[in-house]
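Asks: Mind looking over this structure? Questions follow.
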Amino acid sequence: MSPRDSVIAKLSGFWSLTKARQTMLLLATGICGYLLSKPASPSWHELGRGIAALYLAISGCTALNMIFDRDIDAKMVRTAARPLPQGRLNVIEAGVFGCGLSCAGLWLAWSLGTAFGIVVTLGFLIDLCVYTLWLKRLTPFSILWGGVSGGMPAMAGRVLATDTIDTIGILLALAIILWIPSHILTLIMAHAADYAAAGVPVWPNRFGMHATRRLIAATTLLDALVFIACATLLNITTPAYWGVVVSSIGITAIALWCWTQPHPRHDFMLFKAASVYMLLSFMLLAGGSIL
């Protein structure tokens, strides 16, 4: 391999450590959480620094998670090509990268305010320490704590704008927590054998596919109600409100269909639709608050 190809491989490996698509989705919730809280007078400088803090903290935490999960990733077909199992990066390189991003993100978060710093730090610690280091290998209920950490960017956006943790902020985080099963468990169902081979306890392998689909349907319904509650409390524009209602009915119908008419293709459809629904709902909440 030429020096140029070696550098490109390293950079590609570092980029892979950040799980860019997942990180960008979480960043979008933080941005919307900020904009729906300051619809009349957003501070673009403040928002830009907040986005940078979230991006660095989330990316750094993701990189560190991959270090601790490298043995699991090596046993799973879906993750075996990640940079650490494949040997494109070593643990020291990934550790320096992850620690550097994490420290920079947390420092920037605290520089923007105590409340914002607390929320970002809690999200970081819950994801790394509670979910990855403690519960992931012990119980399928670890998904709950993964959802809590996933909800923190949305709450952080609200907190950055208001400097307080309020009902709307909690509901935004709850919306992500309840969305997680439709996003993560549908993916896990498709790779249940992988998780079994890696020795990671997951809901489908512990409780069965039917119970998993039932859980997804129930949490999706609750998620729809939380998004509609947010839209009501924020008093967003009528078109945006009905957009939230219609999309919530749609995603709930898909989840119920997956439960009553089980098929891997249906699960995959829900997996794709869930991300669109979550992003669309946050955009409608933000747009309906601004317009």
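Bear in mind that the values in this text are calculations on the coordinates, not laboratory data. All values reported here derive from a predicted model rather than from experimental measurement. Ideal geometry is used to build each Cβ from the backbone, glycine not excepted, and the neighbour counts take in all protein chains shown.
Asks: In the chain, which helices (entire DSSP H runs) extend 24 Å or more along their own long axis, judged by Cα positions, while averaging at least 0.0 on the Kyte-Doolittle scale?
Replies: Those that pass (Cα extent of 24 Å or more, hydropathy at least 0.0) are 44-68, 91-111, 142-162, 209-234, 238-260, 264-290.
Asks: Once you've got the GNM for the chain with C-alpha springs shorter than 10 Å, pick whichever of L25, L101, L54 has the biggest mean-square fluctuation.
Replies: L25
Asks: In addition: Longer than 26 Å from Cα to Cα, which of K136/K272; K10/K136; K19/K136 are they? Say none if no pair is.
Replies: Over 26 Å apart, Cα to Cα: K10/K136.
Asks: What dipole magnitude, in Debye to the nearest 20, does the range 37-150 give about its Cα centre under +1 on Lys/Arg Cβ and -1 on Asp/Glu Cβ?
Replies: So the magnitude is around 200 debye.
Asks: Quickly rank 254-263, 157-166 as a protection proxy: mean count of other C-beta atoms within 10 Å, highest first.
Replies: Highest to lowest by the protection proxy: 157-166, 254-263.
Asks: When the chain is modelled as a GNM with alpha-carbon springs shorter than 10 Å, which of L108, L234, L11 fluctuates the most?
Replies: L11
Asks: Going Cα to Cα from K38, which aspartates and glutamates come in below 15 Å? Please leave out same-chain ones fewer than 8 positions away.
Replies: E46, D163, D166
Asks: Would you calculate, for the chain, the mean residue ellipticity at 222 nm contributed by helices, counting each DSSP H stretch of 4 or more residues as -39,500 (n - 2.57) and dividing by all residues, to the nearest 500?
Replies: Calculated at 222 nm, the ellipticity per residue is -25500 deg cm²/dmol.
Asks: Using the Cα centre of the chain as the reference point, and only Cβ charges (+1 on K/R, -1 on D/E), how large is the resulting charge dipole? Debye, rounded to the nearest 20.
Replies: Approximately 540 debye in magnitude.
Asks: May I ask you to compute the full-extension gain from A253 to T114, defined as 0.36 nm times their residue separation minus their alpha-carbon distance, rounded to one decimal in nm?
Replies: Extra length available between A253 and T114 comes to 45.9 nm.
Asks: Residue farthest toward the positive end of the dipole of the chain, with Cβ of Lys/Arg at +1 and Asp/Glu at -1: which of G146, A156, P239?
Replies: Positive-end residue among those listed: G146.
Asks: Now, a different point. For a Förster distance of 41 Å, can you work out the FRET efficiency between the beta-carbons of L291 and H263, rounded to the nearest 0.05?
Replies: In this case the efficiency is close to 0.55.
Asks: What FRET efficiency, computed as 1/(1 + (r/R0)^6) with R0 = 25 Å and r the Cβ-Cβ distance, is obtained for F141 and V246, rounded to the nearest 0.05?
Replies: 0.15
Asks: Mind grabbing the base-10 log of I(q)/I(0) for the range 166-291 at q = 0.11, 0.15, 0.19 Å⁻¹? Debye formula, identical points on the C-alpha positions, no solvent, two decimal places.
Replies: Normalising to I(0) and taking log10 leaves -0.39, -0.67, -0.94.
Asks: Then there is this: Could you check the spin-label model distance between A9 and A197? Points 7 Å from the Cα along Cα→Cβ, value in nm.
Replies: So the two model labels end up 2.4 nm from each other.
Asks: Hey, how many Å between the Cα centroid of the range 191-229 and the Cα centroid of the range 24-41?
Replies: Each part's Cα centre sits 28 Å from the other's.
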